[in-house]
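The values are calculated or read from the model by the stated rules, or taken from the named source; none is laboratory data. Keep in mind it's a predicted model, so treat the numbers as computed, not measured. Here Cβ is always computed from backbone atoms with ideal geometry, including for glycine, and neighbour counts include all displayed protein chains.
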Amino acid sequence: MKSDRKGGSHIWSYRWSWRTRAWAQAGAKGIILAGRTELRLKEPSDAVKKLSPSTKVIAVPTEVTSEQSVKSVFETALVSFERIDVVMNACGVMNNGHKTGEIEPSQWFRDFEVNVKGSYNIAHNFIKSGGGQGTIIFIVSMGASFTVPGISSYSASKLSVIKLAEYLDAEHPQLRVFAIHPGILQQTETKRGMVVDTFTPFARDKGIMTGGITLYFAGPTAEHLRGCFFSANWELDETAAHKEEIIDQKLLKLSFLHAKLSPEGHPWGSK
């Protein structure tokens, strides 16, 4: 992505995969990868170098629940690139198969420590480092919208991240905030993620699609989706055609959701 502002355009990403590859292919001047271990950052870092030799990539081992650890990543980004234009935050853990009353409170709350506190740590430092300007994209989950025994901490924490995105949008007018569900993905080349048998017949989405959506969110044509929840497998042209309806009726804001989701799509008020 190119920019007229001094220093070019940069992206800071927690996790990597196809979203990072999409930005490398788009020609981002610099990418900082932050993850738990240096070893797990090697593959995406090498992929960026191969896809875009001109893109400067820096890998920084980071503990997202640590305020100081996250702060130091942003300090590294500013020293290396002068500013940060876009942050993609995909930090997340999941307690799966542990019912309430069975799982210990400390283990249950771990999902909130990583998914919610980690997200706030990232947002807080982005606001401080950029004066409340730029674009932040939270990778969330449809798990926030339904109730399945055994994932209470994950579902509730991801729902909290979507609400956090709405608050950031409301409190910082110059900050562009989005929450995106990456779709139901086919098996990725890097074998990351988890397989859910119930969803397997519907796993037709590709990871690069989410990467493309993040590029779209960074541009001016996504203004009507600011502060909203969006799924990577929804039609961009359709939402653009009904942007006034989406904004006026808050169709993609928590309530949850105002939009009527069905195989036929939302019954729009206009043609």
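Comparison of THR147, THR200, THR221 shows that the only residue that is modelled with pLDDT under 80 and either crowded, with 20+ Cβ neighbours inside 10 Å or polar (S, T, N, Q) (or both) is THR200.
Filtered by the rule that a residue be of a type in the set (A, V, I, L, M) and over 21 Å from ALA90 (Cβ atoms), region 210-264 gives ALA240, ALA241, ILE246, ILE247, LEU251, LEU257, ALA259, LEU261. Where strands (runs of 3 or more DSSP E) sit wholly within region 23-108, those with at least 1 residues that are free of Cβ contacts under 8 Å to residues at least 40 places away in the same chain and either surrounded by fewer than 18 Cβ atoms within 10 Å (Cβ to Cβ) or more than 22 Å from the chain's Cα centre (by Cα) (or both) occupy 56-61. Kindly establish whether GLU244 is assigned to a helix (DSSP H, G or I), surrounded by fewer than 12 Cβ atoms within 10 Å (Cβ to Cβ) and either small (Gly, Ala, Ser) or modelled with pLDDT of 90 or more (or both). Taking the combined requirement at face value, the residue satisfies it.
Only one of these is part of a helix (DSSP H, G or I), hydrophobic (A, V, I, L, M, F, W, C), crowded, with 17+ Cβ neighbours inside 10 Å and under 18 Å from the mean Cα position of the chain (by Cα): ILE136, ILE127, ILE180. Name it. Being part of a helix (DSSP H, G or I), hydrophobic (A, V, I, L, M, F, W, C), crowded, with 17+ Cβ neighbours inside 10 Å and under 18 Å from the mean Cα position of the chain (by Cα) holds for just one of ILE136, ILE127, ILE180, which is ILE127.
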